[in-house]
Structure formats: C-alpha cells, structure tokens
1. Run down the lysines and flag those whose C-alpha is under 27 Å from the C-alpha of residue 11, throwing out any fewer than 8 positions away in its chain.
2. What does the extension gain come out to for residue 215 and residue 132, with contour length at 0.36 nm per residue minus their alpha carbon separation?
3. What residue among 116, 162, 217 has its Cα farthest toward the positive end of the dipole of the chain, where the charges are +1 on Lys, Arg and -1 on Asp, Glu, each on the Cβ?
4. In what sequence, highest mean first, do 207-214, 193-200, 218-225 appear when ranked by Cβ atoms within 10 angstrom?
5. Evaluate 2.2 N^0.38 Å with N set to the residue count of the chain, then give the Cα radius of gyration divided by it.
6. Starting from the amide H of residue 75, placed 1.01 Å from N in the peptide plane, find each other amide H under 5 Å away whose residue is 5 or more places distant or on another chain.
7. Per-residue HN-Hα couplings for region 60-74, Karplus 6.51 cos²θ - 1.76 cosθ + 1.60 at θ = phi - 60°, whole Hz, x for Gly and Pro?
8. Highest first, please rank the peptides 11-20, 178-187 by the mean number of other Cβ atoms sitting within 10 Å of their residues.
Amino acid sequence: MRRKIAAGNWKMNGTRASRAVLEALVRDHGDTAAEVIICPPAPLIPILADAAGAFSIGGQDCHAAASGPHTGDISAETLKDCGASHVIVGHSERRADHGESDADVLAKAEAAYRAGLVAIICVGETEAERDAGQTTAVVARQIEGSVTTSATAENTVIAYEPVWAIGTGRTPSIDEIAETHAALRAMVAKRLGSETAAAMRLLYGGSVKPGNAAEIFALEDVDGGLVGGASLKAEDFGPIIDAAAG
C-alpha cells in the first residue's frame, strides 16, 4: 500500500507568525496516517522545522549546483541543512515564470538526490494544450525529460498539476483525473519499470479543497495532493490531511 501524502505548497506566502498554522496542524492532526509535507518560503524552513513534529518540511525549488555564484538561488544542500527533507522541482510557475526546461528540472531533481532530499517533480499541461487534446503527449514528454533514471519510489514523488486548474477554482472531472493519473503511472512504468511505478506516489494538484479532496484521493492512482492556497489555513488544510488519511 502506498502511503498517501498531503503536501502544502505555501508559495510566496507566510511570515514567522505562520508557525502558528503549523503548530495548529500538528496539534490537531499530528497522529495522522498520512504523510504531511509543508513547503514554505525558504527563510521559514528552519523556523518551522523544529515545530514540525512528525510532519516534514520541504523547499519550493533548488539550484542544480551545490554552491557557487548564483545570487538569489538556494542549493539542495542548504535546504537540507536548514531542516528540509523534500523539495518541489518543476512547478508550472517555475517553468512558466522562469523559463525552466525539462532538462533544468531533471538537473534539480538530481541535485535533490545528491543532497539526500526527496524530489517532488511537477508535470502538467496548459489550458491550450488540454483544449488541443495534447494532455497525454505533454505529460509524457515532461516525464521523459524531467524524471531522471535514478529516480526511485523512495526518493521521488510526482505531482500532476493541470496548469489551468492551479488557483482558479476549476478542476478536471473525476474521470479525467483518474484517466490522466492512470496514464501517468504507465508513463512512469515505461521510464523506470513497472515495480518502481507501482510503488511511486502520484499526487494531484490544482484547486484541491476540503470539499473535493476525499473524492479525488479515493481514486486508484491518486496518492494524495499537492495543495496551494488551501494549505495556508489550518481549518482548510486539516480536512485535506484527514481525507489523505482515509
């Protein structure tokens, strides 16, 4: 059985006072059967790490290099040293806003492994690509280009995020999510082998809310969610953790 994940991507939100959100989640859901990962802005990682209890703390991005003249970037090694155990790579906002290619994402995933972090590798299509019937082709290309062959079920989680659903309140239908995740698992099997694919956790992201989380997480090939806005408040993220716990 694959242990389900409730991962919260705080994006560019939060201050030191946001520690109270984590403390409330740990207090009320700290004994959950789900794996809970909170990914705050990088300066908050050490502030949250010592309050995380059984939860994990992750970064939102890392540089491919371990060190060097890269002003404003952060290495996987620094994330690890600050208390992170995971890092998101290839989020659509990084791909779109910073022009990250599949090769860039693959290099960042390799950096995560080098530092001993679990890489949460994001894939997903735009609205135009979906309307053109290219969802499967786009995601397959991203898996081929972004997922290194050294990925395993232990060091990698893959998050499918239809770009057009992120933060919009729109979600694909349950049947569409099920179909895409089944295809995604087949792509991972082609890339990494059937045994790895059967064990690797695949998350859904894109306007996951307390009201739809349980139905989405109940799908056979959905192993939890990568949650944006709904992870910023304990009263919203708590029910999503409960849905992941079953």
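1. Candidates past the 8-residue exclusion: 80, 108, 209, 233.
2. Here the segment from residue 215 to residue 132 would lengthen by 27.2 nm.
3. 116
4. 218-225, 207-214, 193-200
5. After normalising by residue count via 2.2 N^0.38 Å, the value is 0.93.
6. Result for residue 75 returns 63.
7. So the Karplus estimates, Gly and Pro as x, are 9, 5, 8, 7, 6, 8, 6, 6, x, x, 10, 4, x, 8, 9 Hz.
8. Peptide ranking by packing, descending: 178-187, 11-20.
Computed from the coordinates by the stated procedures, all read-outs in this text should not be read as laboratory data. No experiment lies behind these values; they were computed from the predicted model shown. Don't worry about glycine lacking a Cβ; one is built from the backbone with ideal geometry, like all the others, and counts go over all protein chains shown.
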